[in-house]
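First comes the structure, then the notes that go with it.
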Amino acid sequence: MAVVTIVGGGVIGVSWARLFGAAGWEVRISDPRPDLGELVARELAGLPVTATDDLAAAVTGADFVQEAGPERMEAKEQIFATLAAHTRDDVVLASSSSSLLPSAIGEGNAAADRIVIGHPFNPPELMPLVEVVPGPRTSAGTVDRAVEVYRELGKLPIRLRKEIPGFVGNRLQKVFNDQCFYLVQQGVIGVKDLDDLVRASLGLRWATIGPFESGVLGGGPEGMRHLLAHVGSQMTFETGSPDPARLGEVLDAVEQAYGTGESAYERLVALRDARTRSVLEPLGWPEPPAVDDHQQ
Ligand SMILES: NC(=O)c1ccc[n+]([C@@H]2O[C@H](COP(=O)([O-])OP(=O)(O)OC[C@H]3O[C@@H](n4cnc5c(N)ncnc54)[C@H](O)[C@@H]3O)[C@@H](O)[C@H]2O)c1
């Protein structure tokens, strides 16, 4: 049985562990958190998972490493130094980082050619996408192997042509979320209404077709050129940006709308997961592999 080591047993690490474990991998999960044993017993029961706080031991003999530790460069540097020292030189060291550059994570690391971003969307066990982002020193073999592993897990790995902070998914998300904060701060709409508005429009649309394809259709038979000349030409307004000093007001409104703490979290996770599971298959996931994913 192939062995994967998941580094970090937080939100993302536990979900990766479920995904790899269900796909037949032997999973080792490493995290210094004192409740690691209880976490594994509670969240990963029935899967072939072992847990340890000893990272070097957890990666020795592993066939693939998926890092999901803290999103701080110092933490990544330390973790990847240990990974480089205790893994074979054919083992991919993939980081789940949401925005940190693979070149920065690999800086000064003897295994920089094996370091690649494998950025999932939360939760990795359900969301199809994994962004595969090489740094300048990442080898082609590393990228190929990461793509192969994610594809075998039923994911849609998309390789970026070069690194950029935030990659693609989170750059788009940042712009969008900034505007959400701005509109609430401006008193245009409330938190729950904004969420409903997105679910009922852009969310549903983008689950079926992407923004460019949508633009093609919005222009009718004349396509996106017509849409831009016609509707787009009037959208000359400034979009504005949120006031960083007033983010707290929006966060208060979000907490009021959705609650906080363990029970609210569990209720919201259950709702999201049930809805996501119910649409994946009708929407055609998992997709059959593209003939040549270099063209994607
Ligand atoms: N939360 C998201 O929506 C999301 C989505 C995609 C990617 N990511 C990325 O995944 C990674 C993990 O994020 P998360 O949301 O699961 O964070 P988290 O805070 O829930 O979990 C991080 C875990 O790392 C552990 N940890 C700390 N030091 C460690 C070490 N030296 N070795 C091993 N584990 C250590 C912590 O104890 C904690 O359990 C980050 O890089 C983040 O950017 C997060």
Reachable aspartates and glutamates, given that their alpha-carbon falls under 20 Å from the alpha-carbon of LYS162 and they are not under 8 places away in the same chain: GLU107, ASP113, GLU131, ASP144, GLU148, ASP292, ASP293
Computed accessible area, VAL7, all protein chains, 1.4 angstrom probe, square angstrom: 10 Å²
For GLN256, net neighbour charge (Lys/Arg +1, Asp/Glu -1) across residues whose Cβ lies under 14 Å away: -4
Base-10 log of normalised Debye intensity for the chain (one unit scatterer per alpha-carbon) at q = 0.13, 0.15 Å⁻¹: -1.05, -1.31
Cα centroid separation - segment 176-194 against segment 209-227, whole Å: 26 Å
DSSP-assigned coil residues among GluC sites (Glu not before Pro) in segment 211-296, each with at most 10 further Cβ atoms within 10 Å: GLU238
Formal net charge of residues neighbouring GLY9 (Cβ-Cβ distance under 13 Å; K, R +1; D, E -1): -2
Area of LEU251 that stays accessible when all protein chains are in place (1.4 Å probe, Å², to 10): 90 Å²
Span-like helix ranges in the chain, DSSP H, alpha carbon extent 15 angstrom or more, Kyte mean at least 1.0: 11-22
Relative contact order computed over the chain (Cα-Cα under 8 Å; 6+ residues apart), in percent: 12 percent
Listed residues TRP25, TRP285 arranged by accessible area, highest first, probe 1.4 Å: TRP285, TRP25
Shape category assigned to segment 33-161 from the gyration tensor of Cα positions, a/c cut at 1.5: oblate
C-alpha center-to-center spacing [segment 276-290, segment 55-98] in angstrom: 30 Å
Solvent-accessible area of TYR182 with every protein chain in place, 1.4 Å probe, in Å² to the nearest 10: 50 Å²
Tail weight of P(r) past 22 Å, computed on alpha-carbon pairs of segment 169-258, percent: 40 percent
Heavy-atom accessible area order for LYS174, LYS76, LYS192, largest first, 1.4 Å probe: LYS174, LYS192, LYS76
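The values are calculated or read from the model by the stated rules, or taken from the named source; none is laboratory data. Quick caveat: nothing in here was measured; it's all calculated off a predicted structure. Note that each Cβ is placed from the backbone with ideal geometry, even for glycine, and that neighbours are counted across all protein chains shown. We work out accessible area using only protein heavy atoms, side chains counted, and drop any ligands, DNA or RNA first. Shrake-Rupley method; radii C 1.70, N 1.55, O 1.52, S 1.80 Å.
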